[in-house]
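Heads up: the structure comes next, in C-alpha cells.
Read the figures in this text as sums done on the coordinates, not as results from a lab. Small disclaimer: the values here were computed from a predicted structure and weren't measured. Note that we place each Cβ from the backbone using ideal geometry, even for glycine, and neighbour counts take in every protein chain shown.
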Amino acid sequence: MRVPISWLREFVSLPSDSAAVADRLAMLGFPVAEITERPKITGVVTGRIASLAKHPNADRLQVAQVDVGDGTPLTIATAATNVAAGQTIAVATIGARLPELTIAPRTMRGVASAGMMISAEELALPGEWFEDGIMQLESEVAPGLDAVAVFGLDTAVLDVEVTTNRPDAMSVIGLARELAASYGAPLRLPSFDNPGRAAEPPGKEVTVALESPDCRRFVSQRIDGLRVGPAPAWMRIRLALSGQRPINNVVDVSNYVMLETGQPLHFYDAAKIAGDTLIVRDARAGERIETLDGVKRTLNSQALVIADAEQPLCLAGLMGGASGEVGTATTAIVLEAANFDGPRIRRMSSELALRTEASSRHEKSLALTLTDAGAARAATLLAGFGATVHAPRAYGMQARDAAQITLKTAEVDRLLGMQIPTERIEGHLSSLGCAVARDGATLLVTPPPWRRDLSIAADLVEEVARIEGYDQIPAVVPSVAPHEISSAEYERENQLSNVLQGLGYREIITQSLRNEGTVEVRNPLSEEQRFLRESLLPGALEYFAEAGSPVRIFEVGETFADEDPVAERSILAFGFSADPIEEPNWRDSEFLRLKGDCEHLLRRVTGRIPGVARATRAGLHPGKTAVLSFDGREVGYLGKIDPRLAKRNDLRRNAYLCIVDIRALPSYETPTYSPPSRYPSTYRDLALIVGIDLAAGAIEEAVSTELRGICTNVRVFDEYRGPQTGEGRKSLAVRVTLQRFDATITDEEADAAIARLLEAMRAQFGAEIRT
Amino acid sequence: MTELQNQLQDVQQRFADAVEAANDGQALENVRVAYLGRSGEVTMLRRGIGKLAPPQRRDAGMIINDAVAAMELALRAAGERLEDRRFESDLAISIDVSFPAIAQPGGSIHPVRRIIEQSCAYFVRHGFAVVIGPEAEPDYYNFDALNIPADHPAREGFDSFWLTDKVLLRPHTSPMQIRTMQRYAPPIAIVAPGKCFRRDAVDARHLSQFHQVEGLLVAEGIHFGHLKGMLTGLCRELFGEAQRVRFRPSYFPFTEPSAEVDTTCPKCKGTPAATQCNMCGGSGWIELGGSGMVHPNVLREVGYDPERYSGWAFGFGAERLGLARYGVDDIRRFVKSEPDFLAQLGT
C-alpha cells in the first residue's frame, strides 16, 4: 500500500526523516518495501490570475497579472491555453527549482516574464492523470502559499506491507494510529459523524434487501445535487501520490475514503437503478455483468452481486458494473458502504481472477463499524462539494463490543522474558484503542472494534511487545532440559553425505518435480513439473548430460510412488560419468570402482559389507547391474546406465550409478576385533581355468570353505580370456594366503593343502590348472 | 714375517687406492669382495698362515686381523662419505613448487546442506535433536493443526502443490512441530531441516523448491528472549561475531507473538553504502524467516497445557541464507548445482 507521509501527518506528528518513519513502521510489523523520495522543488507558490491580456507582439501568447499574495502582482507571459482570469494556479517564481529546470527572469517577445505558471507534470506528478496545461487549484486556496508544503509534495511516499491479520491498517488512519501509539503522540482523527440527517424526499428512497448472509452489513445513503467535475487539487494530489488515478470528484471521494479509512465504497448512479431496491444476492448461473474494467463476465452462483430489479450492478466487494457507473451526467448517487464475509470475497476474487483494492480489504473480513465511518466520511466530503446528503440507512448486523480478554500481567513476563510495569502495559494497550480495566494484577481488556485480530491474552502480549519494541526484549540463551528425541535419521543422511564427499563425489540437489513419474501434482506450475520424481536416476542423467566433463555426484532426496497414501522414500544416488577406457569387453573397471565406493560407504554406515549379486534393473545395463543386500534384504542396486537410455538423454560418456534406499539400511553393527596369527604366513598363486559364467565370488567362497582353518585370505586378482583358455572358458588368477594360528605352516603342509584344493576345484567347477 | 708384512702393505696400498677410486656403493662392495671376500687377497694371505711355523702363526694372525680391522674401518668411512655425497647431490636439487597440484577427485557437500549442517550443529550443541520428515503431508499437519483452518486468509501465503484433496507438498517444515509434539511429551527441543515447495514463479530471488530449517523449543518457562538469544547466536555462528539480528513484529497463525527475523546484510554490513547493495536492496538487512511464541491453539492441539508450557518456533530459508553467505547472484544456482558452482562453494 502506497502511503504519502504527508497524508499520515494529517493525523499524527512525525519526525522529518522518512527513513526513520519507515523504520518505525517496520518495527511495528509493517515493513516498508520502498521509500519513494520526492524530488526537491522550491519557489513554487499559489497564485491567482488577476487579469489576462493578449500579448502585444505574439498571437499565441497571453500575459497574466498573477497575485501571489504579496501585493505586487507578477507579470507572467504564458503559452498555455487553459488559463483564465480568476483561476487559482501554481506559480514557479524567479529562482524556483523544478525537477527539470530553474526559473530565471526572461523576456518573451518583448514582455518581461517574472515566473512560470506550471503543470502537474512540472510538480513531478503523473502528467497523464491531470489536466493538460496549467494545473488548476480551487478558489478556496489563498494566493502566496508554498504550494509544495501545502500539497505535501515534498515528503516521501512509503510502500507499506500489511499482514493479512491487519486489514484495519490497510488505511492511512490505521497506520497513523499505530505510529501515534508507538511515538506516544496524539492521534487527530476526522469526525465520523454523518452529516446526513434528513430522510430522502418521497419517491427518492432506495432500500436495500440483504438476501445473502455473506453481506453482514450495508449502509446506504442517498446523495443529491452533485456536480461532477474535477476533485480539488489536494485530493487529486493525494490520490496520485498513493498510486490512484483521479477520475472525478465523486469517484475520487470513494477512493479517497477507502485509502483513508480502509472501508471500500461503491457509488451507484441513482438514475440508473431500475426500481427502488438494491438486492444483495448470489448471482444466477449464466448471469452477465460488464465490470468497470470493460470486461464482460459470466457469473455462477458462487458470485455475490448487488443488483437492481433488472440486472447486477456490482460484483460485491470487487468492482462495480458499467451499467450503474457514475459519469459526468450524474447528479444523484446511492452510496454503498458494505461489509462482506471475507472468505466469500476471497473465493470470488480468485475464481474471477479479479483482485482490486476493495477485494484485498474485504477478503480479510473488515470491522462492521467501518461501514458507518466510511459512509460518514464520504458524505462529509461530498457535502463539502455542495451536495445534499440524506440520512444513511443501515441494514444487517449491528456492531457489538468485542469480547473482553483477561490478561494476567505475569503472562507478559512469561511469554516475553521481560518485566514491564502494569501501568506501561495498560498505557500501550490504551494507545491502540483498547478499553482497559485493572483488577489487581489482572487487566480486563476490550479491544477496539477495528481490531478483530485480538482475541486471546497472547494477542495482547504481542501488542504490548510491539509498542514497547521487540528490540527492548533481552536476548537470553536458554538451557535446554534433557529429552528423548533421536537425531538418528538425520545423522545417517549426513554421514552418507560426508563419506561420499570423502570419496570424491559432489552433492547436487535436483528438481523433485519432473515431467515423468506416477504421482501427479494437481496444480503444476508447468507441464515440465507435473509429476513427483519416482527415482533420482533421471535427475542424475540430466546432470551427467549437461556437465561438460566427467563428474562424480551424489544426491540425497525423496522419491514418490503412487500408493495410498503416497509412498515416499529417502534415497541416495551416487555415481559418475567417465570416458571409455581400453579394456576387453568382458571387463568393466568402472563398475568395479563404483562397487568399491559402494562397499566402502556401506561399511562406514552399517559396519558391514553388503552382498552383491547380478540382477537387472530398469535403466541399467542388463549385464552390468547388481543388487546390494544385507541378510538377504535388498537395500539398493548399482550398475552402468543402459547405453540406449544414455543415448536418449544425450550422454556423451559412460555413466554408472548406485541407488540406496536409506531407510532399508541396517543399523550400525560394531565390528569385533580378532587378533592376527602370531605365526608367519605363506601364499600360493593359482591360475584356474573355469567356465565363463562361474563368478569369482563363488571361487573365493569355495576356497575359503575348502581350506577352513589354514586359509586367512583368498582373492581373485586377475581374469584372462583368450585362445589359451579355450571357447567358453576363462582363467582366474587367485592368491591364497595360508596361515595357522597354532604353529608355523610348513611348505609341505601348504603344498598338500593346495593339492587338495585343486582336486576339489576340479571336482566342483571342472577347473583346470593353467601352468 | 717381514715378507707377510710387506705383502700386506702392498695389498693395503692397493686397497686404499681402490677405495679411493670407488664412487658408488656397488664399486665399494666390489672392493670389499676383492680384498676381504671369500677369495679376496687378504683372505688368501690368511690362508698362507697355515704354512708358517706355529710360533709365528699367532703373530701373523694378529697382524692380519689388525689389517682387516683397519680395512673394514676404511670401507665404512668410505661408505659414509659416499652416502654424504649422495645426500648432498639430492639436497642440491629443487623443484617448481608452483607447478599445478595433482588433484584427487574433489568431493563436496552442497552449500545448502552445509548451511543446514552448521545450523543444526549449533542447535545440537545447545541440546536440540535434529528430526526429518516427509515432504508429502496431509493438510492437517501443514495447516489445520497449525491454527490455519480452511478458508483462513493465511493459507494464501502458502500457495501449495496439491496431490489429493487432503495431501500436499509441504510449503514449510512446520508439520514437524506437530509430528514431534504428538509423539513426545515436553520438553521438546528440535530442529527440522528439509525440502519445501511453493507454487511461486521462479526467478533470481525465488524458488518453487527450497529448504527450510525449522526450530522448536517447548518447555516450562520458555520465552521470547530465549528465541532472540538462540537466533542471534545462530547468525553469529554463520556470519561472524559482529552479526546483528533484528526481530520485527509479524503475523503467522501458529505463533503469537510473531516475529520476522532479519540479520545485518553480510555484504554491505548495513553501512551507509548499503543503498547500493544488491544483496539487501539497500535496507542493510536480509530476511531470515519467521518466528514466534507457539500459539496456544497449537499447544492445545497436541495435548499440551498452554498455561503450563510455552515455547517458540522459527523457520528460515536455507537458500536465502546461502545467497547472503556465499554472495550468490541468483538463487536458481542452488538447484542447478552446476559443476563450477559446486567446485567454488563445495566444502
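Things worth noting here:
- Condition check for A:S182: more than 38 Å from the chain's Cα centre (by Cα) and either away from every other protein chain (no Cβ under 14 Å) or of a type in the set (G, A, S) (or both): no
- Residue check, A:L645 outside any loop (DSSP other than H, G, I, E, B) and closer than 23 Å to A:Q501 by Cβ: no
- Subset of region B:163-177 that is out of contact with any helix residue (DSSP H, G or I) (no Cβ under 7 Å at 6 or more places or on another chain) and hydrophobic (A, V, I, L, M, F, W, C) - its residue that is nearest to B:Y141 (Cα to Cα): B:M176
- In region A:460-470, residue surrounded by the fewest Cβ atoms within 10 Å (Cβ to Cβ) [restricted to those that are assigned to a helix (DSSP H, G or I) and more than 7 Å from chain B (Cβ to nearest Cβ)]: A:E468
- Lone qualifier among A:L125, A:L179, A:L189 - being in contact (Cβ under 8 Å) with a residue 12 or more places away in the chain and outside any loop (DSSP other than H, G, I, E, B): A:L179
- Scanning region B:299-311 for residues that are closer than 21 Å to B:Y251 by Cα, touching a strand residue (DSSP E or B) at 6+ places or on another chain (Cβ under 8 Å) and more than 9 Å from chain A (Cβ to nearest Cβ) turns up B:L299, B:G311.
- Hey, A:V305 touching a Lys or Arg at 6+ places or on another chain (Cβ under 7 Å) and within 23 Å of A:P392 (Cα to Cα) or not: yes
- Against the list (1) surrounded by fewer than 15 Cβ atoms within 10 Å (Cβ to Cβ); (2) assigned to a loop (DSSP other than H, G, I, E, B), the condition B:A343 fails is (2).
- Inter-residue pairs, beta-carbon under 8 Å, first facing chain B (nearest Cβ under 7 Å) and in region A:475-490, second charged (D, E, K, R), 6+ apart: A:A475/B:K228; A:V476/B:K228; A:E489/A:R663
- Flag for B:E88 being crowded, with 22+ Cβ neighbours inside 10 Å and either more than 28 Å from the chain's Cα centre (by Cα) or in a loop (DSSP other than H, G, I, E, B) (or both): no
- Some residue of region A:577-590 being in contact (Cβ under 8 Å) with a residue 12 or more places away in the chain, crowded, with 18+ Cβ neighbours inside 10 Å and aromatic (F, W, Y): no
- Matching option when the condition is among the small types (G, A, S), in a helix (DSSP H, G or I) and out of contact with any Gly (no Cβ under 9 Å at 6 or more places or on another chain), among A:A53, A:A19, A:A85, A:A77: A:A19
- Check on B:G127, under 33 Å from the mean Cα position of the chain (by Cα) and more than 11 Å from every other protein chain (Cβ to nearest Cβ): no
- Checking each residue in region B:135-167 for being within 9 Å of chain A (Cβ to nearest Cβ) and in a strand (DSSP E or B) picks out B:A136, B:P138, B:W162, B:V167.
- Across region A:526-561, the number of residues qualifying as in contact (Cβ under 8 Å) with a residue 12 or more places away in the chain and either in a loop (DSSP other than H, G, I, E, B) or basic (K, R) (or both) comes to 9.
- Exactly one residue out of B:A74, B:A60 is hydrophobic (A, V, I, L, M, F, W, C), part of a helix (DSSP H, G or I) and more than 13 Å from B:Q12 (Cα to Cα), and it is B:A60.
- For region B:312-340, taking the residues that are part of a loop (DSSP other than H, G, I, E, B) and at the interface with chain A (Cβ under 9 Å from one of its Cβ atoms), the one that is surrounded by the most Cβ atoms within 10 Å (Cβ to Cβ) is identified as B:S337.
- Strands (runs of 3 or more DSSP E) contained entirely in region A:677-751, each with at least 2 residues that are among the polar types (S, T, N, Q) and under 25 Å from A:L592 (Cα atoms): A:711-720, A:729-738
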